[in-house]
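A quick write-up on the structure given underneath.
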Amino acid sequence: MSTENRQAVVSPAAAHKFELIGRISSGLAHELNGPIGIALGFSELAKEAIDASTSPDLAQADTSKVRGYLEMIESASLRARDLSRGIWSFAKAEPGNTENIDIVEVLETVQHLTAPAVKVAQIDVARREDPAALAEAFCFADSALCQQILVELVLSSPESIPGGGLVVWQITASNDGSIEIDLVTEPWNEVSTSEWEIPEYVRESFKDMGGNITSASPTPVQSQADPTEELTGWRVVATLPPASSD
């Protein structure tokens, strides 16, 4: 990517980034209440169990109980740490460096970042269940820029499924080595949907990385409530170039 093209892509991306951080942070702030509440609650139970012991040494049953409380505290603390690290890494990442990246890893990060933010609109983000799914898929792209524009795409999904639903992603490799990111919105019900809008700078970003992104197109999806019922979602396909051998 030339210096001129990089600047043309990075400038609008930077303008959007602060807005995205705010939208992600509001969801994460709400999500952090869960693990923090768990950690505080179980730490209190652990202290009560220790205080209630009638002997200097905890009985085996008490020891097991306290260990369980501490494991819950550890799990909740790790969850809170991962959420905090996710938003911190996203805020620090600067577009402009094109290299071989694992797009599966990028999408997993995008899922963790956006899930709390869209949950308030009754939307879940998930990878499509597929036994043949790729564990990793390398392409030549800008990791920070890919992450940012994919975050923006997911955060714009509530407008296309106002009644709630799923944003499902899948990664496939083409015969020429290029990587396809398949994003589909799956509504929960028959509430009328509007088109999933693709910002212009998103199109330009993929184009300047040697890829492409399609306009959102209506696609039939199976109803989650009634498998025999067919609803209408929206599908977006983004293509990125194969990994470089250099």
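The values are calculated or read from the model by the stated rules, or taken from the named source; none is laboratory data. From a predicted model like this one, the values you see are computed outputs, not experimental measurements. Here the Cβ positions follow ideal geometry from the backbone for every residue, glycine too, while neighbour counts run over all protein chains shown.
Among the residues of the stretch 88-111, are any among the small types (Gly, Ala, Ser), under 29 Å from GLY163 (Cα atoms) and under 14 Å from the mean Cα position of the chain (by Cα)? Taking every residue of the stretch 88-111 in turn, none turns out to be among the small types (Gly, Ala, Ser), under 29 Å from GLY163 (Cα atoms) and under 14 Å from the mean Cα position of the chain (by Cα).
SER160 meets the stated requirement of being crowded, with 19+ Cβ neighbours inside 10 Å, among the hydroxyl-bearing types (Ser, Thr, Tyr), in contact with a Ser or Thr (Cβ under 7 Å, 6 or more places away or on another chain) and in contact (Cβ under 8 Å) with a residue 12 or more places away in the chain.
Take VAL202 and tell me if it is modelled with pLDDT of 90 or more and of a type outside the set (D, E, K, R). Give the steps one after another, and end with the answer.
Values: modelled with pLDDT of 90 or more: no; of a type outside the set (D, E, K, R): yes.
In short, no.
Cβ-Cβ distances below 7 Å connect the following pairs, each with a first residue in the stretch 119-148 that is among the basic types (Lys, Arg), a second residue that is at pLDDT 90 or above and surrounded by 21 or more Cβ atoms within 10 Å (Cβ to Cβ), and a separation of six or more residues or different chains: ARG127/TRP169; ARG128/TRP169.
Counting the residues of the stretch 210-228 that are over 30 Å from ASP176 (Cα atoms) and polar (S, T, N, Q) gives 4.
Checking each residue in the stretch 109-143 for being among the hydrophobic types (A, V, I, L, M, F, W, C), surrounded by 22 or more Cβ atoms within 10 Å (Cβ to Cβ) and closer than 18 Å to GLU204 by Cα picks out CYS139, ALA141. Considering (1) in contact with a Leu (Cβ under 9 Å, 6 or more places away or on another chain); (2) in a helix (DSSP H, G or I); (3) surrounded by fewer than 22 Cβ atoms within 10 Å (Cβ to Cβ); (4) of a type outside the set (Lys, Arg), the lone condition that VAL151 does not fulfil carries the number (3).
Conditions (1) touching a Phe, Trp or Tyr at 6+ places or on another chain (Cβ under 7 Å); (2) modelled with pLDDT of 75 or more, marked per residue:
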{"position": "ILE36", "(1), (2)": "no, yes"}
{"position": "ALA39", "(1), (2)": "no, yes"}
{"position": "ASP51", "(1), (2)": "no, no"}
{"position": "ALA59", "(1), (2)": "no, no"}
{"position": "GLY68", "(1), (2)": "no, yes"}
{"position": "ILE73", "(1), (2)": "yes, yes"}
{"position": "SER89", "(1), (2)": "no, yes"}
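Residues in the stretch 72-89 include none that are outside any helix (DSSP H, G or I) and either of a type in the set (Asp, Glu) or in contact (Cβ under 8 Å) with a residue 24 or more places away in the chain (or both). The lone criterion from (1) among the acidic types (Asp, Glu); (2) closer than 18 Å to ASP124 by Cα; (3) at pLDDT 90 or above left unmet by GLU159 is number (3).
Residues checked against (1) more than 21 Å from the chain's Cα centre (by Cα); (2) of a type in the set (Val, Ile, Thr); (3) not in a strand (DSSP E or B):
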{"site": "ASP130", "(1), (2), (3)": "no, no, yes"}
{"site": "ALA135", "(1), (2), (3)": "no, no, yes"}
{"site": "ALA144", "(1), (2), (3)": "no, no, yes"}
{"site": "VAL184", "(1), (2), (3)": "no, yes, no"}
{"site": "VAL191", "(1), (2), (3)": "yes, yes, yes"}
{"site": "SER194", "(1), (2), (3)": "yes, no, yes"}
{"site": "PRO218", "(1), (2), (3)": "yes, no, no"}
{"site": "TRP234", "(1), (2), (3)": "no, no, no"}
